[in-house]
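**Student:** One structure, pasted below without further comment.
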Amino acid sequence: MLAALLLPLQQTAFAQWSIPDQLSKEQAEFISSGAAIKFVPRQQLEHEIATRDAVSLGHFIDDLMALAAEMAYDPQRDMGAAPLNLASERFNRGTLPTPAPLRDFERQPGPFSVHRYLFPRSGVPTFGGAKVAIWPEDLVAGKVDVAIIGVPNNMSSGRRDAGSGPNEMRAMNTIATPDIQTLIKPLETLSVVDYGDFRVDILSTERTVGHVTDMVAQTAATGAIPMLVGGDTSMLYPGVKGVAQMHGAGSFGLLHLSAHPDVERFSDHTISDRSALFQLLDQGIVQGKETITVGLRGPAVDVDTLQWLRGKDVRYHTMAEIQHKGFEKVLTRVQREVDNGPDRFFVSIDVSVISPGEMVAAGRRTSNGLSIDQATRTIRHVCAAKDIVGFEITDMAPMLDLSRLSVIHSNALLNACLVGIAVRKADLEPDYVNPLALDHGQR
Amino acid sequence: MGSDNMQKHLFVLCSLVLATFSVAAEETTDTPEHVIGTQAYPFDTADPRVEEEEPLELPDSIADKLELLAPDEIEFLEKGYAGPLKAIVEAVEDFTPQQVQAWVSAMQQVRENNRYVEGRDLPNIPFNTESAEFNAWRLQRPRSMDPAREPGPVSLGRYDGYGGPPTFGGFPLALSKQDLVAGEVDVAILGAPLNMGSGWRDSGERATADLRLLSWPMGGHDQYVQIEASEVLTIADYGDVAVDNNSTERSMRHVRDIVREVAETGAVPMIVGGDHSLEYPNVAALADVYGKENISVIHFDSHYDAWWGGSHLISHGYPVYRLINEGHVRAADYIQVGLRSNGPDKSGFEWMREQGMRYHTMAEIEQRGWDAVLDRVVAEASEEGRKLHISFDIDVLDPAFTVATGTPVPGGITMREAITIVRRLCAESNVVGFDLVELHPALDPTYRTTLNSAHIVKACLTGLAMNKEGLTAEHYLSPLASEHALDDYYGDQQRYLDATKAEQEADEADEADESE
């Protein structure tokens, strides 16, 4: 005789599956509980149940149950942690700031130029050609508004070369070009420095997180806005966490421009690009209702993920919304959400948000996406409308773009926020456009 | 205060690998060889190359500068932690006693902060053991999920092997040990997309995919020796092994399991793709099958990869040391070819010499010429009783040939040299394993590097086929292909004519045997 069992499935009508009653109780339960769906697509499972004889189906289900038994961690079988060399004499090498008595020649604190010439055209590359600062006292002495910092973590789950991002963005010196909307030259309005790189452990994001968090917090404590240049998107986690250590968890909003939601909930790792936003939300470092994410699409966006985001009150705006409603309407909606949000914002750009046509070097590139123009308008608005507590641009892998256009565009995205901050400092409206730029004025 | 001397001293301090005692690696008893749970690494981790220096004798002339130093601070200087005596004397010259004290105390602080401190530093890299999908990355698809088929390698092409998805060399696909056994597979080519090397990182799934796309040379006819490997050997594409590209350490054990699975069938595992950390699980797996200290390794690389002493226990700079440390391979059974990177320094070379490791640097090749070194290396590798694993890092080649590698170093060997030595080793030695690593395809839009990598694999396949056919004479080349013999230009025309004739007769005899 055959027994009919129901599967608890969300999207579709329950399938009525006839499965042979020779199956053991455990086997039948395994199927009826829906546990098998994790390992084999529903459609195929239906097919197997309908077409296999009892013996063959029994073997098949045993195999699936063996997979289920092997899926979770077993301390007798699995490595629960990667061991380290505790006898190492350079266990923390790389993350130790040089103590004062061992530093270079004495100098007064404050940002300094790396150039010989007053109007340099080349030389040591820095972000936007800005002066260099090394220590927090340099930031304080220079009353620095914005410290641009490289975080060359190189562990993207996509193509890997984001570790080269900071230096390529320095070398392609296009940050701080005057903005055509406002005609503002951000480096003339703001005190901006290249604050060097924060050190990463190239073999472990986990070991990188602590140091980067501390350094971001230390930077924010000087009053400067940390603008982080990744590096892969796992660095969003220590970036925001470090800022929260200074300003308070949940005290600011987060605008996350990315194709990828980065809210993987079941990861076997404690941190990665795929789970950076999940960690921030899960630990209450940012609040869901004050988190806006724009540009979602691609492999990680599925029903479960969007429902989870909804459950967390996250304001998400997928490419479906943008394509259906039109960008202008969505931009207006995002701007309203920003304007009605908290006074302070952290802005995060995973360059995958941009269409690959303009950002072929995105480590996790995904077809479709925003244009540079759309993204820069969004960024400039939030950076002009709110007090920015931190900014981060991540996952640009320069080796994927021989033309280096992706680097220039990444600089433009960063520059959009610098301009926004300058607009705010000049007490102009967030979407201010200089009339000179708007109209030639001739009759 | 400050001086450029201090900067120098800090550098000396940081680069001095500080004293630990030289202790031979000992496995503690009853600990599993694989690290499980959150157990620490069950082998000694101290670097024996770091030796305690003779204490320095601080001269009386600087005694007044040191008058404020506490006994432990004096001892710090005497132990050489602040650098050699000359540097100390020079540094303190310009300092007041207060400044000297601040200087020494800062260096002590650096030294202390550099080391692991319980409670302050993470002792390991914890994974999320709560994850319900902890092992999803390495779960294998049960055979019962696909329609039943007889075990054995499956050809994916509709037209006599052609027209299917790309496999290595167009060879049939095997996915399990049963496939290898049933198909009596001689060589299983396994992709390993480990993407954790330093330098440029692009050795992930693109590396193994691109190598499949451009792998048509593999197993093809070899003009030099007039053999087509795929006619002599049964070769299979063994798919890719799963790796965790967020943790090299975690990937090691699974790679070792899969490579062992291949070796247990008697097939030669050929692992291609990813970063050079892979040498560790590859050779450890061979040692699992053939016995510890029964494997010799020839390591082609511009780097010696026996670094040690950092906070991690595996990276693409460590595999050689870790294999020796865990007792899988004796250092004396290691042969290194092509070294030319910044390191090792004198202490590294001294260590290799003490351990009996044979090294053949580009300096030796520059001095002796390639042909002499080639013969020497092949002779060493072919010594009686050796079971040989070849670990071929494509950065041993000059970047002109393999620009798409993570850590290229100019001044390397040429493709012509590499093809010859790999073919000879695979023909003349007893090769039981081979890997080709550090291919990073995005760095080379011309595909040259990938194609050259495929030709290195081909050279070994050709050699293995020669070995099976008994063509193991020193530096065999086809007499027919290497000399037209229409005149006596080199004075040895007859020898080539005779050899050609002998081969023709042998071939005819073989054909007659087969037809009987």
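**Student:** Please name which of B:ALA512, A:SER275, A:ALA133 has its Cα lying farthest along the dipole of the protein assembly as shown towards the positive end, using unit charges on Cβ (Lys, Arg +1; Asp, Glu -1) and the Cα centre as origin.
**Tutor:** The Cα lying farthest towards the positive end belongs to A:ALA133.
**Student:** With the crude spin-label approximation of a point 7 Å out along Cα→Cβ, what separation in nm comes out for A:ASP104 versus A:ASP53?
**Tutor:** According to this spin-label approximation, the distance is 8.1 nm.
**Student:** While we're on this one: Over all distinct alpha-carbon pairs, what is the Kirkwood Rh of the protein assembly as shown in angstrom?
**Tutor:** After inverting the pairwise mean of 1/r, the radius is 31.3 Å.
**Student:** While we're here: Per residue, how large is the accessible surface of chain A? Use a 1.4 angstrom probe and give square angstrom.
**Tutor:** 43
**Student:** Output wanted: per-residue J couplings in Hz (rounded whole) for region B:218-225, from phi through Karplus 6.51 cos²θ - 1.76 cosθ + 1.60, θ = phi - 60°, x for Gly and Pro.
**Tutor:** Coupling constants for region B:218-225: 4, x, x, 5, 10, 5, 4, 10 Hz.
**Student:** Can you list residues whose amide H is under 5 Å from A:THR291's amide H, if they're 5+ apart or on another chain and H is modeled 1.01 Å from N?
**Tutor:** A:LEU254, A:ARG315
**Student:** Further question: Calculate the dipole size of region B:323-387 relative to its Cα centre from +1 charges on Lys and Arg beta carbons and -1 charges on Asp and Glu beta carbons; express the result in debye to the nearest 20.
**Tutor:** Once rounded to the nearest 20, the dipole reads 60 debye.
**Student:** With every protein chain in place, what's the accessible area of B:LYS65 (1.4 Å probe, Å², nearest 10)?
**Tutor:** For B:LYS65, solvent-accessible area is about 50 Å².
**Student:** OK, next. When Cβ neighbours within 10 Å are restricted to other protein chains, what is their mean count per residue of peptide B:100-107?
**Tutor:** Counting other chains' Cβ atoms within 10 Å and averaging over B:100-107 gives 3.
**Student:** Name the long-range amide H neighbours of B:TYR41: under 5 Å, sequence gap of 5 or more, or other chain; modelled H, no Pro or chain starts.
**Tutor:** Long-range HN contacts for B:TYR41: A:LEU84.
**Student:** Also, I was wondering about something else. With springs connecting C-alpha atoms under 10 Å apart, model chain A as a Gaussian network and identify which of A:THR177, A:THR394, A:THR291 has the largest mean-square fluctuation.
**Tutor:** A:THR177
**Student:** Moving to a separate point now. Carbon and sulfur together cover what percent of the accessible area of chain B at a 1.4 Å probe radius?
**Tutor:** It is 49 percent, rounded to a whole number.
**Student:** Grab the beta carbon distance between A:GLU26 and B:ARG448, set R0 = 51 Å, and tell me the FRET efficiency rounded to 0.05.
**Tutor:** E(calc), rounded to 0.05, equals 0.35.
**Student:** So what J values fall out for region A:248-256 if you push phi through Karplus, 6.51 cos²θ - 1.76 cosθ + 1.60 with θ = phi - 60°, rounded to Hz, Gly and Pro as x?
**Tutor:** Taking θ as phi minus 60°, the curve returns x, 5, x, 9, 9, x, 10, 9, 10 Hz for region A:248-256.
**Student:** Now for a different question. Using θ = phi - 60° and the Karplus curve 6.51 cos²θ - 1.76 cosθ + 1.60, what whole-Hz ³J(HN,Hα) does each residue of region B:490-501 get, with Gly and Pro shown as x?
**Tutor:** My calculation for region B:490-501 gives 8, x, 10, 3, 4, 4, 5, 5, 5, 5, 4, 5 Hz in order.
**Student:** Sticking with this one: Springs between alpha-carbon pairs under 10 angstrom, Gaussian network model over chain A: which of A:GLY94, A:GLY341, A:GLY128 fluctuates most?
**Tutor:** A:GLY94
**Student:** Taking the Cα centre of chain B as origin, work out the dipole magnitude from +1 charges on Lys and Arg Cβ and -1 charges on Asp and Glu Cβ, in debye rounded to 20.
**Tutor:** Charge dipole of chain B: 1340 debye, to the nearest 20.
**Student:** Would you mind pulling out the separation of the Cα centroids of region B:199-248 and region B:142-165, in Å?
**Tutor:** Value for the Cα centre distance between the two parts: 19 Å.
**Student:** Roughly speaking, to the nearest percent, how much of region A:215-294's 1.4 Å accessible area is carbon and sulfur?
**Tutor:** That fraction is 47 percent.
**Student:** If I take R0 = 22 Å and measure r between the Cβ atoms of B:LYS468 and B:TYR290 in this structure, what FRET efficiency does the formula 1/(1 + (r/R0)^6) give, to the nearest 0.05?
**Tutor:** My answer for the efficiency is 0.70.
**Student:** Choose one of B:LEU66, B:ASN124, B:THR96: the residue whose Cα lies farthest towards the positive end of the charge dipole of region B:47-136 (beta-carbon charges +1 Lys, Arg; -1 Asp, Glu; about the Cα centre).
**Tutor:** B:ASN124
**Student:** Taking the Cα of A:ALA171, stepping 7 Å toward and past its beta carbon, and measuring to each backbone N in region A:409-433: which are under 18 Å?
**Tutor:** The answer is A:409-412, whose backbone nitrogens lie closer than 18 Å to the label point.
**Student:** Would you mind working out the accessible area per residue for chain B, using a 1.4 Å probe, and quoting it in Å²?
**Tutor:** Averaged over the residues of chain B, the accessible area is 44 Å².
**Student:** Right, next: If R0 is 45 Å, what FRET efficiency do you get for B:THR38 and B:GLU90 from their C-beta distance, rounded to 0.05?
**Tutor:** 0.40
**Student:** Using protein chains only (no ligands, no nucleic acids) and a 1.4 Å probe, work out which residues of region A:56-83 have their accessible area cut by at least 40 Å² relative to the chain alone.
**Tutor:** The answer is A:ASP63, A:LEU67, A:GLU70, A:MET71, A:TYR73, A:ARG77, A:ASP78, A:MET79, A:GLY80, A:ALA81, A:ALA82, A:PRO83 - residues whose exposure falls by at least 40 Å² when every protein chain is included.
**Student:** Another question, if that's okay. For B:ILE271, what residues show an amide H to amide H distance below 5 Å, using hydrogens built from the backbone and excluding near sequence neighbours?
**Tutor:** Under 5 Å from the amide H of B:ILE271: B:LEU190, B:PHE434, B:ASP435, B:LEU436.
**Student:** Under a Cβ-only charge scheme (Lys and Arg +1, Asp and Glu -1), can you give me the dipole magnitude of region A:124-214 about the Cα centre, in debye to the nearest 20?
**Tutor:** 180
**Student:** Counting only other chains, and only Cβ atoms inside 10 Å, what mean value do you get across the residues of A:261-268?
**Tutor:** 4
**Student:** Quick check on my link table: of A:LYS312/A:LYS425; A:LYS329/A:LYS386; A:LYS241/A:LYS289; A:LYS185/A:LYS289, which ones sit more than 25 Å apart, alpha carbon to alpha carbon?
**Tutor:** A:LYS312/A:LYS425; A:LYS185/A:LYS289
The values are calculated or read from the model by the stated rules, or taken from the named source; none is laboratory data. Since the model is a prediction, treat every value here as computed from it, not as a measurement. FYI the Cβ positions are ideal-geometry reconstructions off the backbone, even for glycines, and counts take in every protein chain you see. In case anyone asks, the SASA skips ligands and DNA or RNA and just uses the protein heavy atoms, side chains included. Shrake-Rupley method; radii C 1.70, N 1.55, O 1.52, S 1.80 Å.
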